[in-house]
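Step one of this worksheet: look at the structure below.
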Amino acid sequence: MTSKARQPAHCKLCGQQAKLCRSHIVPEFCYTQVYEDGKARKIDLGPDGTGSIKTIQKGLRESMLCESCEACINKYERRFKTYWYDSPGLPEKIDLRSEWVRMAGAHYDSTKLFHLSVLWRAGMADCCKNVSLGPYSKKIGDMLLAGDPGSPQCFPVVGAVLINEDGTVNHRVITMPLPFRLGHSRAYY
């Protein structure tokens with residue numbers, strides 16, 4: 001292969017020089033329910049509310065990880081996919097009067113590492129200008145390489161679910177990570 005994606009460069013996770021994979025920012029399996037006719041719509045909105053709509057055939061990808069680090073991240077993706085999409089861990093319908101949904105059966109380590117991997121990739125990606133992890137990018141990267149989710153207080157993960165008017169869960173939206181304030185902390189959704 002002579003494509004730029006396969007030229008030796010430094011892996012953003014381990015730092016080793018290697019041929020880089022076209023790594024997904026958000027894993028491809030997350031797009032499954034978003035695709036129509038094998039394609040998804042990418043909507044870019046500016047701060048003034050104007051934007052453009054593009055059609056994409058694959059989720060957003062960048063040359064980022066070597067094969068070894070891609071395999072490391074893939075472990076977290078497979079386990080999360082099995083729980084969230086194949087099982088599914090989330091009910092198909094939720095009582096609209098509920099403020100909380102209790103998730104049972106999720107594996108803490110892989111669920112947290114999956115979410116941290118998406119956050120980390122967004123923080124490293126050129127296409128995700130809204131994500132700035134600063135010094136935390138190294139700490140999160142080290143956690144991913146070590147398979148260490150840390151304590152629940154270290155980079156906590158909180159979920160939100162989009163629910164249609166009839167109470168069914170809406171799986172058809174994927175957004176670019178966006179920052180917000182959660183108390184005194186910066187968070188991303």
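Within region 157-179, which residues are loosely packed, with under 12 Cβ neighbours inside 10 Å and of a type in the set (Ser, Thr, Tyr)?
Hit for region 157-179 is Thr175, nothing else.
Taking region 56-81 as the search range and keeping residues that are under 14 Å from the mean Cα position of the chain (by Cα) and of a type in the set (A, V, I, L, M, F, W, C), which one is most open to solvent (accessible area, probe 1.4 Å)?
The residue in question is Leu60.
Can you name the residue in region 114-143 that is of a type in the set (Phe, Trp, Tyr) and within 15 Å of the chain's Cα centre (by Cα) and, of all such residues, is farthest from Ser23 (Cα to Cα)? Working first, answer last.
As a first pass, look at region 114-143 and keep what is of a type in the set (Phe, Trp, Tyr): 114, 120, 136.
Next cut, within 15 Å of the chain's Cα centre (by Cα) only: 114, 120.
Values: Phe114: 14, Trp120: 12 Å.
Restricting to residues being of a type in the set (Phe, Trp, Tyr) and within 15 Å of the chain's Cα centre (by Cα), the top hit is Phe114.
Based on this model, can you work out whether Phe114 counts as at positive phi and surrounded by 17 or more Cβ atoms within 10 Å (Cβ to Cβ)? Explain how you work it out, then say what you get.
On the way: at positive phi: no; surrounded by 17 or more Cβ atoms within 10 Å (Cβ to Cβ): yes.
Criteria not met by Phe114.
Kindly list, by first and then second residue, each pair from a residue in region 122-146 that is farther than 22 Å from Thr175 by Cβ to a residue that is open to solvent by 70 Å² or more (accessible area, probe 1.4 Å) and outside any helix (DSSP H, G or I), limited to pairs with Cβ atoms under 9 Å and residues at least 6 apart or on different chains.
The qualifying pairs are Gly141/Lys12; Asp142/Asp148.
How about region 180-189: which of its residues are open to solvent by 60 Å² or more (accessible area, probe 1.4 Å) and within 21 Å of Ile25 (Cα to Cα)?
Residues satisfying the conditions are Phe180, Arg186, Tyr189.
Residues in region 17-49 that are modelled with pLDDT of 80 or more, within 17 Å of Arg61 (Cβ to Cβ) and of a type in the set (S, T, N, Q): how many?
Total meeting the criteria: 1.
Looking at this structure, is Trp84 open to solvent by less than 80 Å² (accessible area, probe 1.4 Å) and either touching a Leu at 6+ places or on another chain (Cβ under 9 Å) or part of a loop (DSSP other than H, G, I, E, B) (or both)?
yes
Looking at region 133-189, which of its residues are touching a strand residue (DSSP E or B) at 6+ places or on another chain (Cβ under 8 Å) and of a type outside the set (A, V, I, L, M, F, W, C)?
The answer is Asp166, Gly167, Thr168, Asn170, Pro177, Pro179, Arg181, Arg186, Tyr188, Tyr189.
Determine if region 149-156 includes at least one residue that is in contact with a Pro (Cβ under 8 Å, 6 or more places away or on another chain), in a loop (DSSP other than H, G, I, E, B) and either open to solvent by less than 20 Å² (accessible area, probe 1.4 Å) or at pLDDT 85 or above (or both). Don't jump to the end; show me each part of the working.
Filtering region 149-156 for residues in contact with a Pro (Cβ under 8 Å, 6 or more places away or on another chain) gives none.
No, region 149-156 contains no residue that is in contact with a Pro (Cβ under 8 Å, 6 or more places away or on another chain), in a loop (DSSP other than H, G, I, E, B) and either open to solvent by less than 20 Å² (accessible area, probe 1.4 Å) or at pLDDT 85 or above (or both).
The values are calculated or read from the model by the stated rules, or taken from the named source; none is laboratory data. None of these values were measured; they are calculated from a predicted model. Here Cβ is always computed from backbone atoms with ideal geometry, including for glycine, and neighbour counts include all displayed protein chains. All accessible areas refer to the heavy atoms of the entire protein, side chains included, with ligands and DNA or RNA removed. Shrake-Rupley method; radii C 1.70, N 1.55, O 1.52, S 1.80 Å.
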